[in-house]
Amino acid sequence: MSGARERESGARADGEPDEYGVVGHPVAHSWSPFIHAAFARETRQALVYRAHDIAAERFSGFVREFAARGGRGLNVTVPHKRAAAELSAELTARATRAGAVNTLTFDRGRIRGDNTDGAGLITDLRANLAIRLAGARILLAGAGGAARGVLGPLLEADPALLVVANRAPERARALAGEFGSQGMTVRGCGFDELPPDPFDLVLNATAASLSGEVPAIPRAAVGPATICYDMAYAKTDTPFVSWSRECGCRRAVQGWGMLVEQAAESFEIWRGVRPSTAPVLELLAQRA
């Protein structure tokens, strides 16, 4: 049987469906199992996809055990994206550039790392939300794995200005310097060093929403024309979304679209077929 036919059937040698999952800490809030189950139904793929709450010290061992027992792939979320890159024997170009991995593929004992976060975000911003990125003034809050995964694609969208801000300014400056050295114009700073003028787009790539907090972005960064986007998501407004509305932004959005679009990218990597995202976004809108 060819590789393509194997991907279509999803049947393992023991007759069980191929196994995938998402690993993070925490991860109980994740809608990835729901999304990938919907993709599997649509594309008629035989697979199972589960959430795994794994602390940092257990991450490497868990991934190796998952692969050893026949698992085919894992999505990786906070706080393991940098560790996933270090664990990978092979990295795609975009994962190498990001220095962070959110998609692991296991093939004959080798671990391959990719990063679909940036592609998912850009697709959501442009295709789903009709946001113009070329020539925009963009603020990216955070300098961790989530920020690394989207910084390159954001810069490739040709913004007029992209500022990375973080509570630890040295981390923001180091990240900006790393990408600036790749021929891209970006600068990093602390939140209290931001310019007093509002941005066109403010992206929250911190984990603050997961702990019920808001990053220390000054209110002056948000104006009546600003679109605020939280890369996190919840059934109700995240703290960042609520704060953005209080600041009088034009629009405040959670990262549901990014979640679905990056999942579709991962699904295609694993299964060789691209699922439709619009039906899943409609289902999430009804359930969330």
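Observations, loosely collected:
- The long axis of helix 32-43 is offset from the longest Cα principal axis of the chain by roughly 60 degrees.
- Percentage of interatomic Cα-Cα distances in the range 106-161 larger than 16 Å: 49 percent
- Alpha-carbon spread of the range 47-196, three principal axes, descending order, Å: 53, 33, 26
- Note on the chain: antiparallel DSSP beta bridges, both residues inside, total approximately 20 percent of the bridges counted.
- Label-to-label distance, nm, for residues given as E170 and R41 (7 Å Cα→Cβ offset): 5.1 nm
- Summarised in one figure, the compactness ratio Rg/Rh of the chain, Cα atoms and Kirkwood Rh, is 0.97.
- Residues in the range 154-288 average 45 Å² of solvent-accessible surface per residue, probe 1.4 Å, ligands and nucleic acids excluded.
- Trypsin sites (Lys or Arg not before Pro) restricted to the range 12-49 and DSSP loop, no more than 11 other C-beta within 10 Å: R44
- Sorting the segments 79-91, 111-123 by their residues' average number of neighbouring beta-carbon atoms within 10 angstrom, most packed first, yields 111-123, 79-91.
- Along its first, second and third principal axes, ordered by size, the range 9-133 spans 49, 34, 28 Å in Cα coordinates.
- Part-to-part distance (alpha-carbon centres) for the range 247-288 and the range 206-241, which is given in Å: 18 Å
- Divided by 2.2 N^0.38 Å, where N counts the residues, the Cα radius of gyration of the range 130-288 comes to 1.05.
- FRET efficiency, 1/(1 + (r/R0)^6) with R0 25 Å, evaluated for A134 and A220 via beta carbons: 0.55
- MRE, 222 nm, helices only [DSSP H, n ≥ 4, -39500 (n - 2.57), over the chain, to nearest 500]: -11000 deg cm²/dmol
- Mean Cβ count within 10 Å, highest first, over the residues of peptides 130-137, 277-284, 95-102: 95-102, 277-284, 130-137
- Using alpha carbons only, the radius of gyration of the range 84-125 set against its Kirkwood radius gives Rg/Rh = 1.03.
- Rounded to the nearest 10 degrees, the inclination of helix 278-287 to the longest alpha-carbon principal axis of the chain is 80 degrees.
- Inter-centroid distance (Cα atoms) of the range 78-123 relative to the range 137-183, Å: 18 Å
- Estimated inter-spin distance, A68 and R108, nm [label 7 Å along Cα→Cβ]: 2.1 nm
- Surface composition of the chain: carbon and sulfur atoms hold 48% of the protein heavy-atom accessible area at a 1.4 Å probe.
- Packing rank of 45-56, 261-272, where each peptide gets the mean count of other beta carbons within 10 Å, highest leading: 261-272, 45-56
- Set the Cα radius of gyration of the range 213-273 against 2.2 N^0.38 Å, with N its number of residues, and you get 1.39.
- Neighbourhood charge, 11 Å Cβ-Cβ cut-off, centred on G99 and excluding it, Lys, Arg +1 and Asp, Glu -1: +3
The values are calculated or read from the model by the stated rules, or taken from the named source; none is laboratory data. Bear in mind that the values here come from a model prediction, so they are computed numbers and not experimental data. Note: ideal-geometry Cβ built from the backbone for every residue, glycine included; neighbour counts use all protein chains shown. The accessibility values were calculated without ligands, DNA or RNA, using every heavy atom of the protein model including side chains. Shrake-Rupley method; radii C 1.70, N 1.55, O 1.52, S 1.80 Å.
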